[in-house]
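The values are calculated or read from the model by the stated rules, or taken from the named source; none is laboratory data. Treat the numbers as computed from the prediction; the structure is a model and nothing was measured. Neighbour counts are summed over all protein chains in view; Cβ atoms, including those assigned to glycine, are modelled from backbone coordinates with ideal geometry. Calculation scope for accessible area: heavy atoms of the full protein, side chains included, ligands and nucleic acids excluded. Shrake-Rupley method; radii C 1.70, N 1.55, O 1.52, S 1.80 Å.
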Amino acid sequence: MPTKLPHPDVLEAYEYCRELTKREAKNWYYGFISLPPEKRRAIYAAYAFSRECDDDSDTDDTIEAKRVAIERTRRRLDEAYSGHSEDPILKALGDAAERYGISRTHFEELIAGVEMDLEVSRYPDFEALRLYCYRVASVVGLICLQIFGYSDPHAPEFGADLGIALQLTNIMRDVKEDAERGRIYIPKDEIRRFGYSEEELLAGVSNEPFRRLMTFQGQRAWEFYRRGQRLLPLLDVRARACTATMQGLYREILLRIEAAGYAVFEGRVSLSGRHKLGLTASVWLQCLRDELGSRVAAKS
């Protein structure tokens, strides 16, 4: 386990990543507060690079310009793993990768997932969508898991399932936003099965077939949350609190989508900072209680 404090300029690079995460991804920022400082720094570095990858495909540039940006990101990954970059994100990521043994394959998969957004705007079925979800979400969970540390060989499988649950929640929340970009992530065969159409989705039509379609998407997401839940007992108390918080934040978003009758065309579902802090605190306290209870039971 890494114990040596990073060089001051590396610490400065980590601070840059922390500020970026707090500004751009409050779910991540609040979700990882429970971690020890050194692991939290590594998570923020991983997020900062992941954010760069995501931005490559979400700009208003031409497809060719986006391809150029993705290739540049691949070169930046080389720089990060070489350990010779002065860029704060790459410097922090390189240090984190070395300290925690993070395979660059995970980041390569992430870049490949982002690249799919340039080539694919529709998914014929869930198996095709699942690959996308794995690349853009599950591998991020696997990176986090490497930083957390684990011993059970099933942990990566459960972590990957949780990542898919989070991404499916994102897809449901962002239906309108994605449609405005010409993207539909809900599988085509399921759209047809429920008597809805791509044309209606792009036009923002919210009718009974759409609600049945979204109900089905939600049921699938809940199943992946159930599978991902198996990861929690395999983590130490701080990593467990962190993971449970992230799960809790996204579960709450899904619950709100359902409570609103899947009215996702009317506005983006989000949580307030106060709600996120409250959930973070309650999850952390519950994890502490569970840990103390386990220790008492083990001694008796």
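When you scan the range 270-291, do you find a residue that is farther than 30 Å from Phe148 by Cα, open to solvent by 30 Å² or more (accessible area, probe 1.4 Å) and among the hydroxyl-bearing types (Ser, Thr, Tyr), even just one?
So far as the range 270-291 goes, no, none of its residues is farther than 30 Å from Phe148 by Cα, open to solvent by 30 Å² or more (accessible area, probe 1.4 Å) and among the hydroxyl-bearing types (Ser, Thr, Tyr).
Within the range 160-192, count every residue that is of a type in the set (Gly, Ala, Ser) and farther than 18 Å from Glu108 by Cα.
3
When the range 189-212 is examined, which residues are found to be among the aliphatic types (A, V, I, L, M) and over 17 Å from Glu266 (Cα atoms)?
Across the range 189-212, the qualifying residue is only Ile191.
Hey, among the residues in the range 221-266 that are within 20 Å of Glu177 (Cα to Cα) and among the aromatic types (Phe, Trp, Tyr), which one's modelled with the lowest pLDDT?
Going through the qualifying residues, I end up with Tyr250.
Just to verify a result, which residue in the range 237-284, among those that are part of a helix (DSSP H, G or I) and hydroxyl-bearing (Ser, Thr, Tyr), is farthest from Ser34 (Cα to Cα)?
Tyr250
In the range 79-88, how many are open to solvent by 50 Å² or more (accessible area, probe 1.4 Å) and assigned to a loop (DSSP other than H, G, I, E, B)?
Qualifying residue count for the region: 3.
So Ala241 clears everything in (1) free of Cβ contacts under 8 Å to residues at least 60 places away in the same chain; (2) within 25 Å of Ser272 (Cβ to Cβ) except one condition, right? Which one?
Only one criterion in (1) free of Cβ contacts under 8 Å to residues at least 60 places away in the same chain; (2) within 25 Å of Ser272 (Cβ to Cβ) is unmet by Ala241, namely (1).
Give the residue, chosen from Arg251, Arg274, that is more than 19 Å from the chain's Cα centre (by Cα), more than 22 Å from Asp125 (Cβ to Cβ) and of a type in the set (Lys, Arg).
Arg274
Could you grab me the full set of residues in the range 215-252 that are open to solvent by 50 Å² or more (accessible area, probe 1.4 Å) and aromatic (Phe, Trp, Tyr)?
If the condition is that a residue be open to solvent by 50 Å² or more (accessible area, probe 1.4 Å) and aromatic (Phe, Trp, Tyr), then Phe216, Trp222 are the ones that fit.
Under the condition of being of a type in the set (Ser, Thr, Tyr) and in a helix (DSSP H, G or I), which residue from the range 89-145 is surrounded by the most Cβ atoms within 10 Å (Cβ to Cβ)?
Ser138
Can you tell me which residue within the range 55-78, out of those that are part of a helix (DSSP H, G or I), open to solvent by less than 70 Å² (accessible area, probe 1.4 Å) and not β-branched (Val, Ile, Thr), is farthest from Ile147 (Cα to Cα)?
Ala65
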